[in-house]
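Have a look at the structure below, then the notes.
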């Protein structure tokens, strides 16, 4: 029995939630996955998994063994990368994750330039509007928008973004501009469910945020759709500053209620704390940080 392979199969089963899901992820028959787990349990003389029809749960021994296996396989991967030269030269693959719009607009151009600079590297970019777990999902680097919880992750702050209310010049010519948040009740709005609730927008009041009811003429589930609708004059919308920077510069949209905006939201690059960073990751941080900071400094006026 290859114990490293068996550990890897066990971790995949735990991450996937079932033997069949792990088999699909690994490209192995269910019988092979089941046999490798059984062989490992026989070798250890301990039961690691409690199996049911739909999912698996770890026993107490299984939880301890999985934690140890993660450390062992991580150390092994580090040793292999060091032997292959990843700590002495800029080479190898990285997995990077970012929110969909920010990643497409601002991180992807940096990545393509980095790949041109370093031809022995490759990157898998995962764009997702959810928090991707760095260790469990084997991610090297994540771009996060928002206040970061205390954790073992290392964070490099890139800048800040704003939550902005905006509308088209044509809309303001027809309906006028709101001067205080309460004026929004007399305006037509395009609501984006990813940022606020559908029937209220939140504005600061002391240390808290208070809801202001809005009348939604159109509700969408992506920022791009909300921006396009606002540019066409359907109504006011509220999105993040980086999402509308180009439209503001092109005079397609104007910002309002800027004095009533919530505090800016931080943008950071985060990675798992480790001893010595692979050269590829160090090189990417050195390359990407000043470029993304420059983008965020170019604040919409």
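Where a number appears in this text, it was derived from the coordinates with a stated rule and is not lab data. It should be emphasised that the depicted structure is a prediction, and the values quoted were computed from it without experimental measurement. Every residue, glycine as well, gets a Cβ built from its backbone with ideal geometry; the counts of neighbours run over all protein chains shown.
Our summary gives the chain a relative contact order of 20 percent, counting only alpha carbon pairs under 8 angstrom and 6 or more residues apart. In angstrom, the C-alpha Rg and Dmax of region 3-84 are 12.8, 42. Here the label points at residue 186 and residue 59, each 7 Å from Cα along the C-beta direction, are separated by 7.2 nm in the simple model.
Suppose the chain between residue 116 and residue 47 were pulled fully straight at 0.36 nm per residue; how much longer would it get relative to their current alpha carbon spacing?
This chain segment gains 19.9 nm when fully extended.
Go ahead and run the numbers for FRET between residue 73 and residue 127, Cβ-Cβ distance against an R0 of 35 Å, rounding to 0.05. So the FRET efficiency works out to roughly 0.85.
Sort 10-16, 105-111 by packing, meaning the average of other beta carbons within 10 Å per residue, with the highest value first.
Answer by packing, highest mean first, reads 10-16, 105-111.
Would you mind classifying region 41-173 by shape? Square roots of the alpha carbon gyration tensor eigenvalues, ordered a ≥ b ≥ c; an a/c under 1.5 is rounded, otherwise it is prolate if a/b is larger than b/c and oblate if not. Oblate, since a/c reaches 1.5 and b/c is not below a/b. Taking the longest Cα principal axis of the chain as reference, the axis of helix 30-44 is set at about 60 degrees. Taking a ≥ b ≥ c as the square roots of the eigenvalues of the alpha carbon gyration tensor, region 196-235 is prolate, as a/c is not under 1.5 and a/b beats b/c. Its residues counted as N, the chain yields a C-alpha radius of gyration over 2.2 N^0.38 Å of 1.26.
Helix-only arithmetic for the chain: the sum of -39500 (n - 2.57) across DSSP H runs with n ≥ 4, divided by the residue total, places the mean residue ellipticity at 222 nm at -12000 deg cm²/dmol.
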